[in-house]
1. In the list 195, 239, which residue meets the criterion of being open to solvent by less than 50 Å² (accessible area, probe 1.4 Å), assigned to a loop (DSSP other than H, G, I, E, B) and modelled with pLDDT of 95 or more?
2. Can you confirm whether residue 451 is outside the structural domain of residue 102 (by TED's automatic domain parsing) and over 22 Å from the mean Cα position of the chain (by Cα)?
3. Among (1) within 10 Å of ligand 2 (Cβ to nearest atom); (2) small (Gly, Ala, Ser); (3) in contact with a Gly (Cβ under 8 Å, 6 or more places away or on another chain), which single condition is residue 91 missing?
4. Could you tell me how many of the residues in segment 60-88 are part of a helix (DSSP H, G or I), among the charged types (D, E, K, R) and either touching a residue at least 40 places away in the same chain (Cβ under 8 Å) or farther than 26 Å from residue 164 by Cβ (or both)?
5. Among the numbered criteria (1) modelled with pLDDT under 95; (2) closer than 24 Å to residue 177 by Cα, which single criterion is violated by residue 439?
6. Can you tell me which residue in segment 219-236 is most open to solvent (accessible area, probe 1.4 Å), limited to those that are near ligand 1 (Cβ under 9 Å from one of its atoms) and at negative phi?
7. What is the one condition in (1) more than 9 Å from ligand 2 (Cβ to nearest atom); (2) assigned to a helix (DSSP H, G or I); (3) open to solvent by less than 20 Å² (accessible area, probe 1.4 Å); (4) not aromatic (Phe, Trp, Tyr) that residue 57 does not satisfy?
8. Please enumerate the residues belonging to segment 101-131 that are among the β-branched types (Val, Ile, Thr), surrounded by fewer than 20 Cβ atoms within 10 Å (Cβ to Cβ) and more than 12 Å from ligand 2 (Cβ to nearest atom).
Amino acid sequence: MSNNLSAKERLAIDRVKMPEQDAVERSRNFLEVNLGLGEAMAVREAQRCLLCKPRPCVAGCPVGVSIPEFVGALAGGDLPEAARILQGDNALPAVCGRVCPQETQCEAQCVRGAKGQPVAIGYLERFVADWAMAHPERLAAPALPAATGKSVAVVGCGPAGLTAAGELARKGHAVTIFEALHDTGGVLRYGIPEFRLPKTIIDVEVARLVEMGVTIECNVIIGKTLTIAQLQEQFDAVFIGNGAGLPTMLGIPGENLKGVYAANEYLTRINLMGAGQTDSCATPILRGRKVAVIGAGNTAMDCVRTARRLGAERSMIVYRRGESEMPARVEEIHHAKEEGVEFVMLTSPLEILGDDKGWATALRCQKMALGEPDASGRRRPVPVEGEDFDLEVDVVINALGTRANPLLTATAPDLKLNRWGNIEADENGLTSLPGVFAGGDIIRGGATVILAMGDGKRAAAAIHSYISGGN
Ligand code: FAD
Ligand code: SF4
């Protein structure tokens, strides 16, 4: 295949469209919504890339994937080379190709976006990563370095911990990940539903790290089973990537009624424990007929689309601001609408009403209007006096966000925290404890997969330097 196209020929190619499962069909199943590009489509899309020398797209990627290089290899039909470059830069490319907000990162910097549509970098990342999974025989086995004799403990098996572990294993250090849950992946597995990120993708990406020599010990809660001080004694360095999984409460009357879930509990029951997906599953879940999800981020979209798949007639987003203020990815909002999700905008919950048996029956709501911008730059929602109403519901899901769980930090009194309970770390992830580094949601609050991975990568470089005596 030729990659010797002129700029004019490249500019004449239109951006590819992602094939999708039919909206009506998929609103009742858990199969993946985006179906992925075929090889011819992917190569054609890659040929849109202008292979810019200044590489602005790379600057937009928190893990610095060599985008023009892997896209260029794909455009020339050299798939093993494209996979080698991609896997060398990103420990979880098939995950990132599915869930990263490329539209605000690499694709936002793509020069082709200035006068039209950016190169579909995310779709190409997913294509190359999936191709590599399907063709292991075409890839050279990664060369394993000699063991350095140094060891690192990683707390948490989410994107931050997995990335740090992969980078350190590549340098020849012995890495052990301690994970509180019985399975790997963090939010990737227990939060993001199968229809956006199939579990088999996480399994294969984690298995690649295990092949590189990373040890994973599940069912170990740091702060209970072992403390940070014990890890400091047993390992040369520690990386903490335990996320921020504690729900923020709604703080309104009725929050304790039956039928009211925190988003993480709702999603964990379904995604990690299999509730509602097979009749034989031991974990129960309420299949609401009328479900209200409070919030408008990615978590809220995952809940509302999951509720629809579990059979809800009305599956509603209730959000106090307007549509343009919603923090979820544009693609998720678009998919939710196609699947029949309702958006009850400029509406704030006041109270959850219940019956005499303690079951939620309605959400009392306050109509809002948008006022002046607040500290976040978004217009502040203000109540419209006298305009409250009741929304009939049987399940309410609180998707207002999460914060740091104090379980680990409570047993490490010298670990400095900020006022929200997140661990304080410098630009390399170093905390107030010697040899203890941190990254991901535990230092940022709820953020994104790729920012957590970027933290893991940066901290791994600093840990390598620390345990190698500054070399
Ligand atoms: P986590 O993924 O939270 O992983 C932390 C791990 O540490 C978990 O496995 C946890 O069990 C473990 N752990 C916690 N405490 C302990 C302990 N004491 N001892 C041992 N282990 C412990 N981001 C995107 O970029 N795109 C999306 O589409 C997107 N969708 C999302 C959907 C949902 C429902 C949610 C909740 C988040 C979403 N995010 C998305 C955000 C993204 O998933 C997180 O920012 C990211 O997973 C953070 O990675 P992490 O490694 O810091 O933490
Ligand atoms: Fe290709 Fe866009 Fe990156 Fe230029 S900015 S190298 S066109 S992906």
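1. Working: 239 fails: assigned to a loop (DSSP other than H, G, I, E, B).
Residue meeting the stated conditions: 195.
2. Details: outside the structural domain of residue 102 (by TED's automatic domain parsing): yes; over 22 Å from the mean Cα position of the chain (by Cα): no.
No.
3. For residue 91, the failing item is (1).
4. The initial filter retains those residues of segment 60-88 that are part of a helix (DSSP H, G or I), namely 67-75, 79-88.
The next check asks that each one be among the charged types (D, E, K, R); those that pass are 69, 81, 84.
After this cut, where a residue has to be either touching a residue at least 40 places away in the same chain (Cβ under 8 Å) or farther than 26 Å from residue 164 by Cβ (or both) as well, the list is 81, 84.
Adding up the residues that qualify gives 2.
5. For residue 439, the exception is condition (1).
6. Here is the first cut: in segment 219-236, the ones near ligand 1 (Cβ under 9 Å from one of its atoms) are 220-226.
So of that shortlist, the ones also at negative phi come out as 220-222, 224-226.
On the way: 220: 16, 221: 64, 222: 10, 224: 147, 225: 81, 226: 35 Å².
The extreme case among them is 224.
7. Answer for residue 57: the failing condition is (1).
8. Within segment 101-131, the subset among the β-branched types (Val, Ile, Thr) is 104, 111, 119, 121, 128.
Those still in the list that are surrounded by fewer than 20 Cβ atoms within 10 Å (Cβ to Cβ) too: 104, 111.
Answer for segment 101-131, where residues must be among the β-branched types (Val, Ile, Thr), surrounded by fewer than 20 Cβ atoms within 10 Å (Cβ to Cβ) and more than 12 Å from ligand 2 (Cβ to nearest atom): just 104.
The values are calculated or read from the model by the stated rules, or taken from the named source; none is laboratory data. Not measured: the values here are computed from a predicted model. Cβ sites come from the backbone with ideal geometry, for glycine too, and all protein chains shown count toward neighbours. For the accessible areas, the whole protein counts, side chains as well, though only heavy atoms, and no ligand, DNA or RNA atoms are used. Shrake-Rupley method; radii C 1.70, N 1.55, O 1.52, S 1.80 Å.
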